[in-house]
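Each value in this text was obtained by applying a stated rule to the coordinates, not by laboratory testing. Note that the coordinates shown come from a computational prediction; the quantities given were computed from them, not determined experimentally. Every residue, glycine as well, gets a Cβ built from its backbone with ideal geometry; the counts of neighbours run over all protein chains shown.
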Amino acid sequence: MCPLINGTVDKVGLVALLFIVSNDYKGWFMNVFTGLKGVLLIGLAMLLQACQPSYTAEQTEHYSRKIGIINQFEISRWHNRVITADNRLSVVSDNVENVDVIMLSQVVAHGLSPYFKHVVGGESKDTLPAAMALTKIQNNNYLVYIEIAEKDAIIEPDEAEPTTNYSRMKLILTVVDVVSETTVDKITLTAETSNFNFWGNELPELLAKPIAFVGENLTDTPTGS
């Protein structure tokens, strides 16, 4: 046989052999790559989950920054976001036993009203989504949802049930942008004292100055202006 032809045949055979082997290993390499990619994605997801804080009522203190103490209330915020005065707010309270939640919502709304274009209160809802839905119906773009995270009722010796008098109270005001449906801030007000009442006419006097301070801080309004 002609050496040239013989050499060509050998080269063709070698190329064919390499093609067959490469196809065999191609599947193996793809399987290995797919497995490694899956492991990396799982690891990345676990890392992101570990780095992302879970903002719950119980963890509020851990992520908060104290901004002041007004009328025995220690006030803290998660973030420093400024909400401009041209916004419209709905103030809605969670439903809590032995607390005048309608009055609570009204008092907070009244305290914030000097700092925003429009503020409406006097409402209560069992859940944050329900409060957000109400805010949209009211054509407002921010929600302030009031939750009572902690309360220690004072029980007199002759009383079987807690009264509306408390020695400790912790409020969480969740500020939600209802247009984007995102929580932009959480503000905590925590007080420990001998006795205060969260029912009726005592609420305005108790919360007026702390809520005014919150309004100033949210809008970055100079104190006393």
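Remark: Val108, Val82 ranked as Val82, Val108, counting other beta-carbon atoms within 10 Å and listing the fewest first.
A Förster radius of 35 Å, combined with the Cβ-Cβ distance separating His79 from Glu192, puts the computed FRET efficiency at roughly 0.90.
The residues Ile148, Ile69, when put in order of fewest to most other Cβ atoms within 10 Å, stand as Ile69, Ile148. Label positions at Asn95 and Thr221, each projected 7 Å from the Cα along the C-beta direction, are separated by 3.3 nm.
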